[in-house]
Amino acid sequence: MKSYDVTALGELLIDFTENGISGQGNPMFEANPGGAPCNVLAMLTKLGHKTAFIGKVGNDFFGKQLKATLDELGINSDYLMMDDKIHTTLALVHTYPDGDRDFSFYRNPGADMMLTKEEVPETLIRDSRIFHYGTLSMTDEGVRAATKKAIRIAEESGAIISLDPNLRPPVWNTLEEAKEQVLYGLAHCQILKISDNEIQWLTGEEDFTAGVNWIRSRFDIKLILVSMGREGSRAYYADKMVEAAPFLQEKTIETTGAGDTFGGCILHYVAEHGLDDLTEEQLRDMLTFANGAASLITTKKGALRVMPEEKEIETLIKSRAVHEKA
């Protein structure tokens with residue numbers, strides 16, 4: 001038995017989220033702990049899993065705040081490095097009226113880019129059932145080498161490898177470079193969580209099933225999840241395609257972390273049930289739970305510290321079932 005259910009590698013940063021207007025008419029921002037891989041771990045930890053994070057922050061006020069947050073949430077922070085020279089990465093989250101958002105990054109460089117392959121903890125990865133990562137840790141040569149080393153160790157140790165491309169165009173030199181690294185990731189994962197706009201960008205296919213077929217013709221990925229925002233989500237597994245409806249919230253504030261919450265719930269299901277012989281009913285249950293959790297996070301600012309409780313998710317799912325029977 002391995003000690004950790006899920007270990008993730010990548011960015012841990014501060015999301016400055018818009019939070020009203022000051023008395024002088026200036027926009028105000030709230031400093032929310034964030035970073036996609038750690039958001040995933042936060043959801044998993046909330047669901048009772050043992051998790052660990054590999055990454056780097058600045059040895060500054062924000063970096064210390066982030067380490068304290070991981071400790072508070074119960075995510076193992078022993079492998080969070082502190083950089084004395086480079087500051088913690090910051091992101092400004094610009095929210096649109098429909099709850100969607102855009103990002104501006106203060107990361108040239110940022111501490112998350114400074115992780116080296118020598119700092120990758122081999123023992124931790126070998127002691128983890130699932131290894132999860134995204135592509136923000138593949139934007140620059142040094143951290144890219146660290147990520148690829150971690151992937152190699154995960155493969156050697158028989159871990160299930162999970163990828164969320166989490167495309168953020170502003171952090172890449174070119175989108176062609178981004179595509180090259182995403183394609184590398186597709187060759188080294190058994191679980192792929194990809195958003196509607198990402199799969200269209202990557203494959204050139206408007207239809208999601210056509211996009212999945214494009215991926216499958218090139219890569220052997222056991223479980224592919226397509227998150228479709230207000231349209232719900234799909235799971236592609238063996239010869240099955242299962243779709244689940246979204247839980248639309250009247251109180252949606254912004255969608256930061258919704259995809260990460262969804263992804264965390266998917267990994268929760270895999271950690272509980274494995275990746276073999278999943279039925280359509282199991283896939284639908286997995287998607288429904290993940291959709292419910294993702295909808296709840298849209299009613300809160302930030303993500304890392306405000307992941308929904310399991311009972312909260314189950315109550316939402318039951319309420320819809322009761323409503324549909326009425």
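Using the Karplus relation 6.51 cos²θ - 1.76 cosθ + 1.60 with θ = phi - 60°, the per-residue 3J(HN,Hα) values for segment 284-289 come to 5, 4, 4, 5, 4, 4 Hz, with x marking Gly and Pro. Among the aspartates and glutamates, which fall within straight-line cross-link reach of K318, defined as a Cα-Cα distance under 19 Å, with same-chain neighbours fewer than 8 residues apart omitted? Of all the aspartates and glutamates, those that pass the test against K318 - Cα under 19 Å, at least 8 places apart if same chain - are E243, E250, E281, D285, E309, E310. Taken over the C-alpha atoms, segment 250-326 has Rg and Dmax values of 13.1, 38 angstrom. Could you run the Debye sum over the Cα atoms of the chain, one equal point scatterer each and no solvent, and tell me log10 of I(q)/I(0) at q = 0.07, 0.12, 0.14 Å⁻¹, two decimals? Taking Cα atoms of the chain as identical point scatterers yields -0.25, -0.78, -1.10.
Between E177 and V322, the FRET efficiency estimated from the beta carbon spacing at R0 = 45 angstrom works out to 0.35. Each Cα pair under 8 Å and six or more residues apart adds its separation to the average, and for the chain the resulting relative contact order is 17 percent. The listed peptides 18-29, 246-257, 143-154, ordered by packing as a protection proxy, come out as 143-154, 246-257, 18-29 (highest mean of other Cβ atoms within 10 Å first).
So what does log10 I(q)/I(0) come out to for segment 47-107 at q = 0.22, 0.26, 0.27 Å⁻¹, using the Debye formula with one equal point on every Cα and no solvent? Values, matching the q order: -0.90, -1.00, -1.02. Note on K85 and E310: their simple-model spin labels are 4.5 nm apart, each label 7 Å out from Cα toward Cβ. Where both bridge residues fall in the chain, DSSP classifies roughly 45% of the beta bridges as antiparallel. When each of E11, E324 is scored by the number of other beta-carbon atoms lying within 10 Å, the sequence from fewest to most is E324, E11. Between amide H atoms placed 1.01 Å from N, distances below 5 Å from H87 occur with A111, all of them 5 or more places distant or on a separate chain. Pick from T299, T261, T135: which residue has the top mean-square fluctuation in a GNM of the chain where Cα pairs under 10 Å get a spring? So, out of T299, T261, T135, the one fluctuating most is T299.
With a Förster radius of 41 Å applied to the C-beta separation of T279 and T123, the computed FRET efficiency comes to 0.70. Among T51, T116, T315, the largest mean-square fluctuation in a Gaussian network model of the chain (Cα springs under 10 Å) belongs to T315. Cross-link check: pairs K46/K148; K50/K311; K50/K85; K56/K149; K179/K240; K149/K240 evaluated at a Cα-Cα cut-off of 25 Å; pairs beyond the cut-off: K46/K148; K50/K85; K179/K240; K149/K240. Taking amide H as placed 1.01 Å from N in the peptide plane, Y106 has its amide H under 5 Å from the amide H of L90, A91, L92, each at least 5 places away in sequence or on another chain.
A short reminder: the numbers here are calculations on the coordinates, not readings from a lab. On a predicted model such as this, the values are computed, not experimentally measured, just so you know. Every residue, glycine among them, receives a Cβ derived from its backbone with ideal geometry; neighbour counts consider all protein chains shown.
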